[in-house]
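Structure record follows, encoded as structure tokens.
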Amino acid sequence: MVGKVYIVGAGPGKKDLITLRAYELIKRADVILHDELIGEVAELLKESKAEIVNVGKRSGKHRKKQEEINEMLVEYAKQGKTVVRLKGGDPCIFGRGGEEAEYLARNGIPFEFVPGVTSAIAVPANVGIPITHRRYDPAVVFITGRESRERLNWEALARLNATIVILMGVARIPEISKLLIEHGKSPDTPVAVIENGFSENQRVIVTKLADLTNKAEEEKIKAPAVIVIGNVVELFNFLSGFIQTL
Ligand SMILES: C[S@@+](CC[C@H](N)C(=O)[O-])C[C@H]1O[C@@H](n2cnc3c(N)ncnc32)[C@H](O)[C@@H]1O
């Protein structure tokens, strides 16, 4: 009998921010294929009897290609196994969960998405930036730094009164800031970059859009980081002093 694949969100890296359903599935899976960016959740994998495969790990210069991962999921499921495909944050926010689901469906494999707490919301909240607040913009736009140059309508984005949350954007900071300003976004818009959220190495850099490129260079900002562009970032100054995250 064919097994089932659970495409599971591991949350933003703290083990107590994983869902109960995900935790239960980790414990009863036959095989777990996980990405590199799962933080402390890696510790929970020790409680599982499953075969654990780190598909995000580089062996030499090689990291498993998406096609290889898709094929592994299908093969394990065909062996009748309960497969957990564990991904950072939420599997459907820039996590390729959709692509894997499509491949499984094409191969007749049953699957389920198990949502996770996305870094796009949780990483800013954890430092004192709630990405929506009634006094500020009435919308949020999540964008990926990858491929966005060609595929995004920058004019519409710059004009929209929305908070912009960027994932995988560190390498594209100069380009993104330039495009937004060129298309009319105010250079004074506050920006926060939160690097290594939920870890001991967490850093928050607050600046304004016009200064973002220089600041990112000066501070040597590295991935993974969530970038928040919008007036709601103003709240950081007030709220961060009162945040207690322990
Ligand atoms: C491939 S995307 C996956 C996002 C994931 N599906 C989610 O919902 O959080 C990876 C990007 O998420 C962001 N990210 C994930 N975890 C993070 C963390 N702990 N701190 C800062 N950024 C993080 C970074 O922008 C990183 O480049």
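Computing FRET efficiency as 1/(1 + (r/R0)^6) for ALA223 and ARG28, where r is the C-beta to C-beta distance and R0 is 35 Å, gives about 0.60. Ordered by the count of other Cβ atoms within 10 Å of each Cβ, fewest first, THR19, THR163 give THR19, THR163. Comparing ALA210, ALA223, ALA192 in a Gaussian network model of the chain, where Cα atoms under 10 Å apart are tied by springs, the biggest mean-square fluctuation is seen for ALA223. With helices as the sole contributors, the chain gives -8000 deg cm²/dmol at 222 nm; each DSSP H run of n ≥ 4 counts as -39500 (n - 2.57), and the sum is divided by every residue.
Can you classify region 4-114 as rounded, prolate or oblate using the Cα gyration tensor, where a ≥ b ≥ c are the square roots of its eigenvalues, rounded means a/c under 1.5, and otherwise it's prolate if a/b beats b/c and oblate if not? Here region 4-114 falls in the rounded category. For region 84-145, applying the loop criterion from DSSP together with a ceiling of 13 other beta carbons within 10 Å to the GluC sites (Glu not before Pro) yields no site.
What the pair-distance distribution of the chain shows, using all Cα-Cα distances binned every 5 Å from zero, is 1, 6, 13, 16, 17, 15, 12, 10, 7, 3, 1, 0 percent.
Take the Cα of ARG135, step 7 Å toward its Cβ, do the same at THR245, and the gap between the two points is 2.3 nm. Placing pseudo-labels 7 Å out from each Cα toward the beta carbon at LEU160 and ASN107 gives an inter-label distance of 3.4 nm.
Computed from the Cβ-Cβ distance with R0 of 41 Å, the FRET efficiency linking SER186 to GLU36 stands at 0.65.
Scanning residues 5 or more positions from GLY145 or on other chains, those with amide H under 5 Å from its amide H are LEU167, MET168, GLY169, with H placed 1.01 Å from N in the peptide plane. Once backbone amide H atoms are built at 1.01 Å from N, GLU51 has VAL31, ILE32 as its partners under 5 Å, excluding neighbours fewer than 5 places away on the same chain.
Each value in this text was obtained by applying a stated rule to the coordinates, not by laboratory testing. Keep in mind the model is a prediction, meaning the values are calculated, not measured. Neighbour counts run over all protein chains shown; Cβ positions are idealised from the backbone, glycine included.
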